[in-house]
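The structure appears right after this line, and notes come after that.
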Amino acid sequence: MTGLALMTAGLAVIGLLPAQAPLWLMAVLMMLVGLGGPTVSPPATAVLLDAVPERQAGVASGVFNTSRQVGGALAVAVFGGLLTHPDTFVRGVHTSLLLAAGVLALTTVLALFLPTKEHS
């Protein structure tokens, strides 16, 4: 959840910054996003695989990875569509970043409701 929150915060702040924001600030905010990202997928995979019977682990893993790929392709299509016109490029960037931050915020909230397992 920390990774999701870092990514949400970084993208939301970047999405609200003016186009003239200093490069060093953008770099710091992108580091938040970059540090958060790798902390999300391994725990998400572990939660998924813990939630299914061992005999279905291969199917669950395949569905999870397929969903990630489809989500990535849809994001590229939607965000790419927002960036196509030079006159609205900056607004499209801001919209794309805020949409991504919104999805991440929702994911962060939903992650609060994931069941947890006590490991001994």
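The values are calculated or read from the model by the stated rules, or taken from the named source; none is laboratory data. Everything numeric in this text was worked out from a predicted model, so none of it was measured. Cβ placement follows ideal geometry from the backbone for every residue including glycine, while neighbour counts extend to all protein chains displayed. Heads up: the accessible areas ignore ligands, DNA and RNA and are worked out on the full protein's heavy atoms, side chains in. Shrake-Rupley method; radii C 1.70, N 1.55, O 1.52, S 1.80 Å.
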Which listed residue is at negative phi, within 15 Å of the chain's Cα centre (by Cα) and either of a type in the set (A, V, I, L, M, F, W, C) or at pLDDT below 85 (or both), from Phe64, Phe113: Phe64
Considering the stretch 2-11, residues that are touching a Leu at 6+ places or on another chain (Cβ under 7 Å) and open to solvent by 30 Å² or more (accessible area, probe 1.4 Å), and then whichever is farthest from Phe89 (Cα to Cα), we arrive at Leu6
